[in-house]
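These notes concern the structure reproduced below.
The values are calculated or read from the model by the stated rules, or taken from the named source; none is laboratory data. On a predicted model such as this, the values are computed, not experimentally measured, just so you know. As a convention, Cβ positions derive from the backbone with ideal geometry for all residues, glycine included, and neighbour counts pool all protein chains shown. Side chains included, ligands, DNA and RNA excluded: accessible areas come from the protein's heavy atoms. Shrake-Rupley method; radii C 1.70, N 1.55, O 1.52, S 1.80 Å.
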Amino acid sequence: MNRLSTITLSTALILAISGCERPKAAGMQKPPEGPVPVTTTEVKMGDFPAILQATGQTQAYNTVQIYARVNGYLQHRSYTEGSFVNKGDTLFVIDPSDLKNSLESAKAAYDLASANYTNAKAVLERIKPLAQANAASQQELDTATANERNSAAALSAAKASLNQSKLNLSYTAIKAPMSGFVDKSKIDVGTYVAAGANGLLTTVYQTDPMYVNFTFSENQKLARQNAIASGKLTAPKDGKYEIELTLSDGTTLARKGSINFIAPFVDSTTGNITYRAEIDNSDHKLLPGQFVQVKVKGMEWKNALYVPQKTLLTGEKGKFVYGIEANKTVSPKPVVVGEWVGENILIESGVKAGDKIAADSLPKLKPGAEIIPNGNK
């Protein structure tokens, strides 16, 4: 290619490039000139349910550790580990041989004490009339009286020992103190079990009903108290809040619950206050230690200002809506927002009921832009 051809080609490319513009990405085009057609809506006022949300964790209604109350070799485990048992079901059996022998000894001691008491009582009954007739001395009467009292005391002690022996023998069959799920065994069959703190056998968890623990910050509680005091927020008349749970897979439980405990102090480490709800768990879908999403229902926002969520914009200085001015222009109205309720959002301040705002064409608007109102939506 000669030099003249190269110059000609280069000139053609420059002219081609200079005559084309790169297409602008969507949203980067300049706003159209002239008034923008805009559908308007109004800031409205209404009542809305106030729903508080928190992350909670389930807790067994009762957690009971099962200990051996007598010494002996663990003879049998009567339940399937991890299964559900009913109150009174036998969980373990300790070899009762030694305690049966102790019971027989206690029975013999009781029978002997009973015979001694019967004899001492008979002697006293014979001595009394003789002493009244001066046919027996006062010393003989005192001795008979003392023997009767001593034998009565010995009989009471023997009876107590017999009852304790019967009780100890009953402890060899270790029963569930309540209905619930049972943990694995902590001691193997055949092991010698010592009564007391070293004799932990297993743990029973009562899971119906179930507790759910969750927290709200001190600031959240103060904000609710202030809103209630001002009349913006109303609490349930009976003071009972409903609890709704959502599991980790998104399943929402149909059952409800109620708050039955609020900690009387603020956790100094987290600044949170602990709440506890009690819910039905008769189908045993919940297990202790699960994390769940908690919704607290029962309160209501009264005469709350609200706008559609789609009308809310975010600028350098925070949230705002475009207000419609009398001269058919728009101006940003900074607002303080509250809760999101369905397709609406509550407004705490910045606008008032009846104010007209832009409901669409928001990307095309800028402060002072002229509009063509298309009526309310």
Residues in segment 152-167 that are closer than 13 Å to Asp111 by Cβ and open to solvent by less than 70 Å² (accessible area, probe 1.4 Å) total 5
Could you list, in sequence order, all residues of segment 129-148 that are of a type outside the set (Ser, Thr, Tyr) and open to solvent by less than 90 Å² (accessible area, probe 1.4 Å)? Pro129, Leu130, Ala131, Ala133, Ala135, Ala136, Leu141, Asp142, Ala144, Ala146, Asn147, Glu148
Yes/no for Leu141 being in contact with a helix residue (DSSP H, G or I) (Cβ under 9 Å, 6 or more places away or on another chain) and under 30 Å from Arg69 (Cα atoms): no
Which of the numbered conditions does Asp47 fail, given that it passes all the others? Conditions: (1) farther than 30 Å from Ser361 by Cα; (2) under 31 Å from the mean Cα position of the chain (by Cα); (3) among the acidic types (Asp, Glu). (1)
Of everything in segment 339-377 that's in a strand (DSSP E or B), in contact (Cβ under 8 Å) with a residue 40 or more places away in the chain and open to solvent by 70 Å² or more (accessible area, probe 1.4 Å), which residue is nearest to Gly34 (Cα to Cα)? Glu370
Open to solvent by 70 Å² or more (accessible area, probe 1.4 Å) and within 46 Å of the chain's Cα centre (by Cα): does that describe Glu81? yes
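Report, by residue number, each residue of segment 317-338 that is assigned to a strand (DSSP E or B) and open to solvent by less than 50 Å² (accessible area, probe 1.4 Å).
Looking only at segment 317-338, we keep the residues that are assigned to a strand (DSSP E or B), and these are 318-324, 329-334, 336-338.
Those that are assigned to a strand (DSSP E or B) and open to solvent by less than 50 Å² (accessible area, probe 1.4 Å): Gly318, Phe320, Val321, Tyr322, Gly323, Ile324, Thr329, Val330, Ser331, Val337, Gly338.
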Could you tell me whether segment 194-214 includes any residue that is open to solvent by 50 Å² or more (accessible area, probe 1.4 Å), part of a loop (DSSP other than H, G, I, E, B), over 19 Å from Met299 (Cβ atoms) and of a type outside the set (Phe, Trp, Tyr)? yes
